[in-house]
1. Within region 55-109, track down each residue that is touching a residue at least 40 places away in the same chain (Cβ under 8 Å), touching a strand residue (DSSP E or B) at 6+ places or on another chain (Cβ under 9 Å), hydrophobic (A, V, I, L, M, F, W, C) and open to solvent by less than 20 Å² (accessible area, probe 1.4 Å).
2. Can you name the condition, by its number, that residue 139 falls short on among (1) surrounded by fewer than 16 Cβ atoms within 10 Å (Cβ to Cβ); (2) closer than 19 Å to residue 175 by Cα?
3. Please go through region 26-54 and give me each residue that is of a type in the set (Val, Ile, Thr) and either closer than 14 Å to residue 90 by Cα or open to solvent by less than 10 Å² (accessible area, probe 1.4 Å) (or both), ordered by number.
4. Can you tell me which of (1) out of contact with any helix residue (DSSP H, G or I) (no Cβ under 8 Å at 6 or more places or on another chain); (2) more than 26 Å from residue 117 (Cα to Cα); (3) modelled with pLDDT of 95 or more; (4) not aliphatic (A, V, I, L, M) is the one residue 68 doesn't meet?
5. Find the residue count for region 261-278, including only residues that are surrounded by 17 or more Cβ atoms within 10 Å (Cβ to Cβ) and either of a type in the set (Ser, Thr, Tyr) or farther than 10 Å from residue 302 by Cα (or both).
6. Return yes when residue 23 is of a type outside the set (Ser, Thr, Tyr), touching a residue at least 12 places away in the same chain (Cβ under 8 Å), open to solvent by 30 Å² or more (accessible area, probe 1.4 Å) and over 23 Å from residue 212 (Cα atoms) and no when it is not.
7. Give the residue that is nearest to residue 184 (Cα to Cα), with candidates limited to residues of region 62-79 that are hydrophobic (A, V, I, L, M, F, W, C) and part of a helix (DSSP H, G or I).
Amino acid sequence: MKNEDGPRVSVVTPVYNGDKHIEACIKSVLAQTYSNFEYIIINNCSTDRTLEIASEYARREPRIRVISNPSLLHVVDSHNKAFDVAPPENKYIKIVGADDWLFPTCLAEMVQLAETHPTVGMVTSYVLVGSKIGWDGLPFPSTFVKGRDICRMRLLDRKFVFGGPSASLLRTGAVKEQLPFYTVGNYHGDNDAYLRLLQRHDFGFVHQVLSYNRRGEDSRTTHYLESFNSYTLMVMEEIVRFGPIYLTAPELEARLKEAAGDYYRFLARAVFEFRGEKFWKAHFERLKTLGAPLDYAKFSRFVLLRFLDIVLNPKRTIENVFRRLSE
């Protein structure tokens, strides 16, 4: 497929105070071997040099357009605006986080796969997460998977291959069907959106590393999520919300019991790690939103089991403490 003949892609970067990494992100987009795209940078009331850097690139590159929000938006709302402003006539949407960047063939590889399979609503790939390869659970050469099947793999077998916003190419028509695309108030609203989209569309996967995902304190969103380990709760939340859609009744009952056990064990460990008020508030609020408030009797049992484990296995406890202190 020649670039000039290929479908147009909307590449969109929502950004708040991203002057540390935004230039690397912009350069990676401009370095794409696939050239038929427009690049929209949405400045979310940044107070650093983000707007200055983005505007300078827009003056030099006609494919770049900068939009400034009139008021500060929540991170999920800012991403939803990115989907709103993407022109419907552009066939695909590619979100790129301001902390992240793309490898040069990212758009070319993803567009080619999506064009080969017209029923595909989203395409992802392997991701370089810090210094490790992530989202590698799908066996080669599974480039096309039915939407229902990939969701069952996620819920039943824990095959996490969605990869996050910067890893995904989305068909614009599929996105516009379910605006606002990300679930408001949910920091994992991207995964929630994909599980909804895949009820109607299929899934594509490129077995190459096509994007880089920053981790740790250099990434504003992932650092926040990792600070209270929202991922354990995310698993249970997805099973509650989407298990009735994708799983049989016995499968749902078994997975929900397993996920709840994992989550309560995690909370019991957190008691003895002396997590702060923000940690507990975040988890209790999400449980209430899910309609599954904390079961204090079950929680107490898991805390007791954790206490006995600490007392009866002092060597392992000390090793865990030192490992946590060194993180």
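1. 82, 83, 86, 93, 95, 96, 98, 102, 106, 107
2. Looking at each condition in turn, residue 139 falls short on (2).
3. First, the residues of region 26-54 that are of a type in the set (Val, Ile, Thr): 26, 29, 33, 40-42, 47, 50, 53.
Within region 26-54, 26, 29, 40, 41, 42, 50 qualify.
4. (1)
5. 4
6. Values: of a type outside the set (Ser, Thr, Tyr): yes; touching a residue at least 12 places away in the same chain (Cβ under 8 Å): yes; open to solvent by 30 Å² or more (accessible area, probe 1.4 Å): yes; over 23 Å from residue 212 (Cα atoms): no.
Here the answer is no, as residue 23 does not meet what is asked.
7. The first filter runs over region 62-79 and keeps only residues hydrophobic (A, V, I, L, M, F, W, C), leaving 64, 66-67, 72-73, 75-76.
Retained after the next criterion (residues that are part of a helix (DSSP H, G or I)): 75-76.
On the way: 75: 10, 76: 6 Å.
Filtering first and then ranking leaves 76.
Residue-wise test of (1) modelled with pLDDT of 95 or more; (2) farther than 21 Å from residue 18 by Cβ.
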| site | (1), (2) |
| --- | --- |
| 140 | no, yes |
| 158 | no, yes |
| 187 | no, no |
| 200 | yes, yes |
| 209 | yes, yes |
| 224 | no, no |
| 231 | no, yes |
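The values are calculated or read from the model by the stated rules, or taken from the named source; none is laboratory data. Note that the coordinates shown come from a computational prediction; the quantities given were computed from them, not determined experimentally. Ideal geometry is used to build each Cβ from the backbone, glycine not excepted, and the neighbour counts take in all protein chains shown. Accessible surface is based on the protein model in full, side chains and every heavy atom, while ligands, DNA and RNA are left aside. Shrake-Rupley method; radii C 1.70, N 1.55, O 1.52, S 1.80 Å.
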